[in-house]
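First comes the structure, then the notes that go with it.
Nothing in this text is a laboratory measurement; each read-out follows from the coordinates by a stated rule. All of these numbers come straight from a predicted model, not from anything done at the bench.
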Amino acid sequence: MVPAEQGGGVMRADLLADPVAGLDEALAAVDAVDRVLVAGLLRPQPAQAEDLAALADAVAGSPLASVVAEATEKAAAGAAGEDHFVALAAARTALLGSAHDALMARVGEATGRPVAETIAAEPAEAQAVNLLVAARSWLCDLARAGWRGIDHDVVSGAAQVVSAMLPDPALRRLATVLDGFAAELAASCPGASLDRVPARRWADLWSRALLLTLPGAAAVPATETLTGRLLPLGVDLHEHATAAQAQVHAVFEPADGGAPRLVRAAVSAPKPDTVVGAGIWQLLRPHLSLLTAVSEGRSMDLVDMPATPEGDLVWSDEHARPGEPADALATARVVLPTATAAPTAPLDRHPARIAVPVFLEGYEVQRDDDTLTFTVAGHPLPVDTDRVPVAGPLTPDAVATSRACLGLLRWDAGSFHVQPLAVETTVRKKAVTVHAGAWAGGTTDKAGVKAEKAAADAVAVLRERAGRLLRK
């Protein structure tokens, strides 16, 4: 954060290191469910019954208590039905939601920003009940088989359901989750041969998908429109073998003089696995003009831009135009401390979703091999350089020599970390700012130009081969 005399406040790094009451117990109960799903519930063993009992105990004081108690009893006896599996998924999701809320409350204390309230969703569009039932049936079959028991026969059961769902916009969210989940499982078959099971990830996907099969669970909040100035902070790039997403974190200043707000704008695109590094920007850039503004260090003027109550802009270029120059670190120093965070939708309350923009300076850097740590006011804060994309000029070396950092505060593996988005450092005795998303809108940087050319060549080759196949 920035000094108090400049209008900001000091980051309470000591609070980020202190234990959060009840967090370990909640996550231990989640781990118990994850162990149950690894082995499956077709023929439950005594150890699984103990883990199910731990889940029931964890939610004993909640409105879910009686439903989950019945579900765990039936599951331990190998007699769980669909409603019982839904109850298990709901209890697991509720525990992760409570962990998310506790961690966000701690972040609010550390940054001095208020904690946003959760939001209620509008009624969902009518959905094809038969497809929801079919999806739920497949997910319950997965739970009975367990991750160690999956094979191609079990996993392939999702294919027809996904194909039938994709044409329906109201079902596309669930279809996308099921499609990606099934693809990961298929690539790991047979489960009995896996050296390591990604238990938390697969249980997350299973729980989320199962709850989305409930009528109304996919309800989305009504959008509002925003008019004012958008000040980009940085780009968080997510890359998968077949897809990529760029998420721009920014501060929005309403034209009516209201309080600034934290918002996000994201764009996703499919990609061939040969397109990596800076080449990814070629796929994303045409769909989000905001990426160019990030590279050029400019603001954007918005007029009636649609946005959800969660702070996600439903980006449309017709509602935006380039604005004046706006330095991201200056925005972080002056405006970020006063920006209010958006609330989180119920199904999105998960520790992995925490990504809070913060600004740090006056820290010391410790480097141990590939591990970086900022010492903020005498307290260590690990730096997650693995999340810094190779599709930009920001490197661990630049972070290690920095004196100011704009990043995302995240929580993973039991502690808070900071993911750098931009740093202020010294190059040849000159102060410079290095952004992870500096190449998002194009670049004259030699390394960036070379990487983009290589990606363009790869895409050209793929298009030529695809053309040959179509001609044949």
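The translational diffusion coefficient of region 132-179, from Stokes-Einstein at 20 °C and 1.002 mPa s with a Kirkwood hydrodynamic radius over alpha carbon pairs, comes to 195 µm²/s. Hydrodynamic estimate: the Kirkwood radius of region 19-115 over Cα pairs, inserted into Stokes-Einstein at 37 °C and 0.692 mPa s, corresponds to D of 235 µm²/s. Under 5 Å between amide hydrogens, built in the peptide plane, is the criterion, and for Gly234 it picks out His249 among residues at least 5 positions away or on other chains.
Histogrammed with a bin width of 5 Å, the alpha carbon distances of region 224-338 distribute as 2, 12, 23, 24, 18, 11, 7, 3, 1, 0 percent, first bin at zero. Taking square-rooted eigenvalues a ≥ b ≥ c of the alpha carbon gyration tensor, is region 128-219 rounded, prolate or oblate, where a/c under 1.5 means rounded and, failing that, a/b exceeding b/c means prolate? Prolate, because a/c is 1.5 or more and a/b exceeds b/c. Axis of helix 46-58 versus longest Cα principal axis of the chain: the two differ by about 60°, to the nearest ten degrees. Its DSSP H runs of at least 4 residues, each contributing -39,500 (n - 2.57), put the calculated 222 nm mean residue ellipticity of the chain at -12500 deg cm²/dmol, to the nearest 500. Compactness ratio for region 173-250: Cα radius of gyration over 2.2 N^0.38 Å (N = residue count) comes to 1.51. For His417, nonlocal amide neighbours, meaning residues 5 or more places apart or on other chains whose placed amide H falls under 5 Å from its own, are Arg410, Trp411, Asp412. Name the lysines eligible as straight-distance cross-link partners of Lys430: C-alpha to C-alpha under 22 Å, and not fewer than 8 places from it in the same chain. Cα-Cα hits under 22 Å: Lys446. If you take P(r) over Cα pairs in 10 Å bins from 0, in percent from the coordinates, which of (i) 5, 23, 33, 25, 11, 3, 0; (ii) 4, 21, 30, 25, 15, 5, 1, 0; (iii) 4, 18, 27, 27, 18, 6, 1, 0 do you get? Structure-derived value, by its label: (iii).
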